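Student: Sharing a structure below in structure tokens format, with a few things to ask.
The values are calculated or read from the model by the stated rules, or taken from the named source; none is laboratory data. Here the structure is a predicted model, which means the values were calculated and not measured. Note that we place each Cβ from the backbone using ideal geometry, even for glycine, and neighbour counts take in every protein chain shown.
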Ligand code: FES
């Protein structure tokens with residue numbers, strides 16, 4: 001069993017989740033993920049690693065409470081235990097001295113892009129961070145990004161913090177901030193990664209996305225996480241989760257991602273805790 005050190009809602013619907021898993025901290029690298037189950041009958045949930053503490057033997061992830069399985073996770077509290085916590089899984093993010101790198105995070109991707117940004121900073125890159133959300137109250141971890149970033153830029157759809165609008169404003173923001181990225185890394189929901197990739201393709205800047213498909217085993221056995229990249233079938237769990245955003249077949253990915261929407265949302269309806277769906 002794996003003991004939960006902390007589970008707290010840091011902004012509405014987003015939870016910081018820290019688990020005691022010393023064996024994971026010994027091998028984890030930026031870009032890795034873990035697969036866990038909240039109980040013996042629970043579905044396997046992949047979560048990107050957002051931080052870790054080798055001394056304490058703890059691993060932290062950020063998850064969005066969006067369906068039945070994550071609602072179960074959101075009910076856990078410090079001191080509870082979970083039966084499954086497997087990892088680290090996936091290929092580590094490519095870390096090198098690229099020059100100037102813009103790291104973009106939205107939603108749970110603010111958490112998962114953090115260790116990548118930190119490693120890029122340590123590798124000698126000039127790192128800029130752009131945090132994206134619907135509104136200011138959905139932004140978090142700015143204080144963690146500031147020491148490793150030349151600048152932390154905020155973009156909110158309602159303009160309550162930083163620039164107002166969507167990621168489609170990125171070319172203009174780069175001009176205003178005088179940033180010429182050699183590489184862009186985007187972590188977050190599918191739409192953020194897809195739209196960013198669309199914009200950066202026109203800019204000609206290599207863009208790495210952190211894919212978030214449905215997964216089961218996480219070791220390349222079941223094929224559930226497959227996607228098409230540069231016309232070839234890839235498994236996100238073993239070939240990724242990082243891929244070149246300009247090469248991903250986004251339309252196919254979106255369709256596959258929606259496969260279990262009904263099953264995920266129905267249990268919440270029955271429980272009455274998702275009346276807004
Ligand atoms: Fe089964 Fe990737 S999750 S092959």
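Student: Taking the conditions exactly as written (at pLDDT 95 or above, more than 20 Å from residue 50 (Cα to Cα) and surrounded by 15 or more Cβ atoms within 10 Å (Cβ to Cβ)), does residue 174 satisfy them or not? Can you show your working first?
Tutor: Values: at pLDDT 95 or above: yes; more than 20 Å from residue 50 (Cα to Cα): yes; surrounded by 15 or more Cβ atoms within 10 Å (Cβ to Cβ): yes.
Yes: the conditions hold for residue 174.
Student: Any chance segment 200-214 includes a residue that's within 20 Å of residue 30 (Cα to Cα), near the ligand (Cβ under 9 Å from one of its atoms) and touching a helix residue (DSSP H, G or I) at 6+ places or on another chain (Cβ under 7 Å)?
Tutor: Yes, segment 200-214 contains a residue that is within 20 Å of residue 30 (Cα to Cα), near the ligand (Cβ under 9 Å from one of its atoms) and touching a helix residue (DSSP H, G or I) at 6+ places or on another chain (Cβ under 7 Å).
Student: Another question, then. Go through 78, 71 for me and flag whichever is in contact with a helix residue (DSSP H, G or I) (Cβ under 8 Å, 6 or more places away or on another chain), surrounded by fewer than 19 Cβ atoms within 10 Å (Cβ to Cβ) and closer than 20 Å to residue 36 by Cα.
Tutor: 71
Student: Also: Can you list residue pairs whose Cβ atoms sit under 6 Å apart, with the first residue in segment 214-230 being under 15 Å from residue 252 (Cα atoms) and the second being within 6 Å of the ligand (Cβ to nearest atom) and assigned to a strand (DSSP E or B)? Count only pairs 6 or more apart in sequence or on different chains.
Tutor: 225/235; 226/235
Student: Still on this structure: Would you pick out the residues in segment 217-241 that are more than 6 Å from the ligand (Cβ to nearest atom), surrounded by 21 or more Cβ atoms within 10 Å (Cβ to Cβ) and in a loop (DSSP other than H, G, I, E, B)?
Tutor: Those that are more than 6 Å from the ligand (Cβ to nearest atom), surrounded by 21 or more Cβ atoms within 10 Å (Cβ to Cβ) and in a loop (DSSP other than H, G, I, E, B): 240, 241.
Student: Give 82, 95, 110 a once-over and let me know the one that is in contact (Cβ under 8 Å) with a residue 40 or more places away in the chain and under 17 Å from residue 150 (Cα atoms). Let's see the steps before the verdict.
Tutor: On the way: 82 fails: under 17 Å from residue 150 (Cα atoms); 95 fails: under 17 Å from residue 150 (Cα atoms).
Sole residue among the options that is in contact (Cβ under 8 Å) with a residue 40 or more places away in the chain and under 17 Å from residue 150 (Cα atoms): 110.
Student: Here's something else I'd like to know. Is there a residue in segment 81-91 that is buried (at least 24 other Cβ atoms within 10 Å of the Cβ) and modelled with pLDDT of 95 or more?
Tutor: yes
Student: Could you identify the single residue in 40, 55 that is modelled with pLDDT of 95 or more, assigned to a loop (DSSP other than H, G, I, E, B), more than 15 Å from the chain's Cα centre (by Cα) and over 24 Å from residue 137 (Cα atoms)? Outline the logic, then answer.
Tutor: Numbers: 40 fails: modelled with pLDDT of 95 or more.
So the residue among 40, 55 that is modelled with pLDDT of 95 or more, assigned to a loop (DSSP other than H, G, I, E, B), more than 15 Å from the chain's Cα centre (by Cα) and over 24 Å from residue 137 (Cα atoms) is 55.
Student: Could you list, in sequence order, the residues of segment 96-155 that are part of a strand (DSSP E or B) and over 25 Å from residue 64 (Cα atoms)?
Tutor: Matches in segment 96-155: 100, 101, 126, 127, 151.
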